[in-house]
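Working notes for the structure below.
Any read-out appearing in this document is the output of simple, stated calculations on the displayed coordinates, not a laboratory observation. Small disclaimer: the values here were computed from a predicted structure and weren't measured. Here the Cβ positions follow ideal geometry from the backbone for every residue, glycine too, while neighbour counts run over all protein chains shown.
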Amino acid sequence: MQSTAQPKMLSEGNDFCISNTRWQAHLSLYLCLTKRGSVLKNTSHQGPLYVQKAFYPEGRELAHLYILHPPGGLVSGDKLLIKVLADEGVKVLLTTPGAGRVYRARADQLLQQQIVTLEAMPNACIEWLPLETILYPGANTRLDTHVKLARGASFIGWDICTFGLPACGQTFSSGSLTQCLQIEIEGTVALRERLVLNDKNRFILSAKAGLDNRPVNALLVAGPFNRDTDQHELLAELQQCCVNHLASEVDNLAIENALSSVTLNGEFIQVRYLGHCSEQSRTLFIQCWAIIRPALLGRPACPPRIWAT
């Protein structure tokens, strides 16, 4: 294992001053199906990015992996590469123990990057369920997730992004973000979501046709669902879940104006959240996940134990 020097962060009120160091880290995971179930066969990593071991709260068929990044955030020049290959028939759930952070960039404006590549072989399943990402004012970041599915493979994933530090009254008034989610099925692009935000179009943070001053933007994607299968009941159940969840929060003025939606885009179900509270979005997505998982994977939801700590 090789790594560069660890970043030194000096507190400046609610912001951070980052010293002139950077992390170049990568993590590659290979899982295969054996007589002992879905096994983490090979792991390679460089820098502060790794997993300790696989957990099996649902039995040996499905592995739970916690991706650990001890620095807890990205500073200027940082680049995290995560690659996961699930061999034929493997079932794996990946999550993180805490929120990710992209700190204010230094004056050099070096890019802060995280690139995730998830590849599922035939009849394999990958669930990518990290906790939220917090973009500090002044961050300069690129966040990419590339999903490659073979025939019969399945994917459930979400991304929760908070612009600025709402609890501290700090908006994302400076900085930039390029964010992309791309899903391929047997080499053909089936879904692509892209968001570019910078000084040229920062008005979308407040525009009615944009985020409308709601700093938490989140998306859950699941599929592919068989086009010949009637998904009307599943969509209706998810829509009712969104209505019930948001209605239960109306007494809290900080989160009462949240929006959510459910759509079927080709072979993929998408649940969107736009609001003021990352915790609210995550609890909504967990409830939706509990509905989607049995329909797509044929097994009930089993929240990772790390979520309860």
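I need the phi-derived Karplus couplings for region 261-266: 6.51 cos²θ - 1.76 cosθ + 1.60, θ = phi - 60°, integer Hz, Gly and Pro marked x.
Along region 261-266, the couplings run 8, 10, 9, 10, 10, x Hz.
I'd like the FRET efficiency for Lys83 and Asn226, computed as 1/(1 + (r/R0)^6) with the beta carbon distance as r and R0 of 45 Å, rounded to 0.05. Please list the in-between numbers first.
Details: r = 29 Å, r/R0 = 0.63.
Efficiency, from the Cβ-Cβ distance: 0.95.
Given Cβ point charges of +1 (Lys, Arg) and -1 (Asp, Glu) and nothing else, what value in debye, to the nearest 20, does the dipole of the chain about its Cα centre take?
The calculated dipole for the chain is roughly 880 debye.
Convert each backbone phi in region 132-140 into a coupling constant with the Karplus relation 6.51 cos²θ - 1.76 cosθ + 1.60 (shift: θ = phi - 60°), then list the ³J(HN,Hα) values in order as whole Hz, x for Gly and Pro.
Values per residue, Gly and Pro as x: 5, 10, 10, 9, 5, x, x, 5, 10 Hz.
In a Gaussian network model over the chain where Cα atoms closer than 10 Å are linked, find which of Gly175, Gly152, Gly187 has the largest mean-square fluctuation.
Gly187
Whole-Hz ³J(HN,Hα) for each residue in region 281-286, computed from phi via Karplus 6.51 cos²θ - 1.76 cosθ + 1.60 with θ = phi - 60°, x for glycine and proline: what do you get?
Karplus-based 3J(HN,Hα) across region 281-286 equals 5, 5, 5, 5, 5, 5 Hz.
Just need the relative contact order of the chain here, percent rounded to a whole number, with Cα pairs under 8 Å and 6+ apart.
On the way: 756 pairs, mean separation 36.1, N = 309.
That works out to 12 percent.
Using a Förster radius of 30 Å, what is the FRET efficiency between Lys41 and Gln109 based on their Cβ-Cβ separation? Nearest 0.05, please. The partial results should precede the final answer.
Numbers: r = 40 Å, r/R0 = 1.33.
My answer for the efficiency is 0.15.
Could you list the square roots of 5 times each eigenvalue of the Cα gyration tensor of region 193-309, that is, the equivalent ellipsoid semi-axes, sorted largest first and rounded to whole Å? All intermediate terms of the calculation are to be shown ahead of the outcome.
Working: eigenvalues 134, 70, 39 Å².
Taking √(5λ) for each eigenvalue gives 26, 19, 14 Å, largest first.
Amide H to amide H, which residues 5 or more places from Ser176 or on other chains are under 5 Å from it, using H placed in the peptide plane?
Ala139, Asn140, Thr141
What's the extension gain from Trp307 to Gln239 if we count 0.36 nm per residue and subtract their Cα-Cα distance? Intermediate results must be reported in sequence, preceding the final value.
Numbers: separation 68, 0.36 × 68 = 24.48 nm, distance 2.45 nm.
Extra length from Trp307 to Gln239 when fully extended: 22.0 nm.
How large is the helix-only mean residue ellipticity at 222 nm for the chain, computed as the sum of -39500 (n - 2.57) over DSSP H runs with n ≥ 4, divided by its residue count, in deg cm²/dmol to the nearest 500? Intermediate results must be reported in sequence, preceding the final value.
Details: 2 runs with 36 residues, N = 309.
Theoretical 222 nm ellipticity from helices: -4000 deg cm²/dmol.
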